[in-house]
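Asks: Below you will find the structure I want to go over with you.
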Amino acid sequence: MFQSIHFIKTPACLKEHCTNGTYLLLMGEKTKLSFDDLPHDVTFYGAIFPRVVFGHESFDQGILIAHLSPSSTITFIEHMSDLSYLHVKEESRAILTLIDGLSAHVESFLEDFFALIPERAKIIGGGAGKLTLVQEPVLFDNQKFHENSAIIIQNPKKMSLGVKHGWEAIVTPLIATQCSSHKLERINFQNAFT
């Protein structure tokens, strides 16, 4: 899916690491990006997250730079409510999906999107956003920041997925018993905010 992945602490280093091709930028929410920082002869897509992980550390400021391989295709969905122009290739075996995590369209987008996925494809992805939990434009391309949007990267090569974490359960499972759109209101029949 990617030719190389690097981490930089400031956007000023982008021109040094991004020389040709298409790049996916994953940024910590405290990173200040100006479109003047982006080299003008390459294509960029990106998302903002509370923190990004590189190696054994996480950063609230900095940028993961992933140089897409030539076999990868990327689609920027400007409006999650409209997948009419998304073409998921039958030969796709690995799909990375980044969405506006606070969009009211997440559920319908994922339902429509999963209906398009080839049976043998492996999917990984997540929701972009900031710790403020206020929806704002958090996905971007070379032109501007967008909200209610998504980034889809497809690749015909197989991908292996593995999940490991060091968390220990501190409570029993919780059930979302009442939601309004994408907002959680009640957990286990109790007010979620008390």
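Asks: Taking a 1.4 Å probe, which of C179, C13, C18 shows the most accessible area, and what order do the others take after it?
Replies: The ordering from most to least exposed comes out as C179, C13, C18.
Asks: Helix 106-116 sits at what angle to the longest principal axis of the chain, using alpha carbons and giving 0 to 90 degrees rounded to 10?
Replies: Taking Cα atoms only, the helix is inclined about 60 degrees.
Asks: While we're looking at this one, here's another question. If each Cα of the stretch 149-194 is one equal point scatterer, what is log10 of I(q)/I(0) from the Debye formula at q = 0.23, 0.24, 0.33 Å⁻¹?
Replies: Here the Debye-derived log intensity ratios amount to -0.87, -0.89, -1.18.
Asks: At 1.4 Å probe size, what's the solvent-accessible area of E57? Round to the nearest 10 Å².
Replies: Surface accessible to solvent at E57 totals approximately 110 Å².
Asks: Given H placed 1.01 Å from N in the peptide plane, which residues other than close sequence neighbours of F7 have an amide H under 5 Å from its amide H?
Replies: Long-range HN contacts for F7: I65.
Asks: Still on this structure, please answer the following. Report, in listed order, any pair from K157/K183; K89/K144; K122/K183; K15/K130; K30/K89 with a Cα-Cα distance greater than 31 Å.
Replies: Distance filter (> 31 Å) returns K157/K183; K30/K89.
Asks: Keeping all protein chains in position, work out how much accessible area R186 exposes to a 1.4 Å probe, and write it in Å² to the nearest 10.
Replies: So the heavy atoms of R186 present about 90 Å² to solvent.
Asks: Protein chains only, probe 1.4 Å: how do E168, E78, E119, E16 rank by accessible area, largest first?
Replies: E119, E168, E16, E78
Asks: May I pose another question? Heads up, I need the accessible area for V134: 1.4 angstrom probe, whole protein in place, Å², nearest 10.
Replies: Accessible surface of V134 is approximately 90 Å².
Asks: Classify the chain as rounded, prolate or oblate, taking a ≥ b ≥ c as the square roots of the eigenvalues of its Cα gyration tensor: rounded when a/c is under 1.5, otherwise prolate if a/b is larger than b/c and oblate if not.
Replies: Cα axes put the chain in the prolate bin.
Asks: Give the relative contact order (percent, whole number) for the chain; include only Cα pairs under 8 Å separated by 6+ residues.
Replies: Across the chain, relative contact order equals 22 percent.
Asks: Cα centroid distance between the stretch 50-112 and the stretch 3-33, in Å?
Replies: For the stretch 50-112 versus the stretch 3-33, the Cα centre distance is 16 Å.
Asks: Moving on to the next point. Sorting check: for 94-106, 22-34, which peptide has the highest mean count of neighbouring beta carbons within 10 Å, and how do the rest follow? All intermediate terms of the calculation are to be shown ahead of the outcome.
Replies: On the way: 94-106: 21.2, 22-34: 18.5.
Final packing ranking: 94-106, 22-34.
Asks: Ordering V42, V53 by accessible area with a probe of 1.4 Å, largest first, what comes out?
Replies: In descending accessible area the options line up as V53, V42.
Asks: Let me ask another. Rounded to the nearest 500, what is the chain's calculated 222 nm mean residue ellipticity when only DSSP H runs of at least 4 contribute -39500 (n - 2.57) each, over all residues? Mind dumping the intermediate values first?
Replies: Details: 2 runs with 15 residues, N = 194.
Result for the chain, helices only: -2000 deg cm²/dmol.
Asks: Also, I was wondering about something else. Show the residues, 5+ positions off or on another chain, whose built amide H is closer than 5 Å to the amide H of A192.
Replies: Long-range HN contacts for A192: R186, I187.
The values are calculated or read from the model by the stated rules, or taken from the named source; none is laboratory data. Bear in mind that the values here come from a model prediction, so they are computed numbers and not experimental data. Cβ coordinates were reconstructed from backbone atoms using ideal geometry, including for glycine residues, and neighbour counts include every protein chain displayed. Keep in mind that these areas ignore ligands, DNA and RNA; they rest on the heavy atoms of the full protein, side chains included. Shrake-Rupley method; radii C 1.70, N 1.55, O 1.52, S 1.80 Å.
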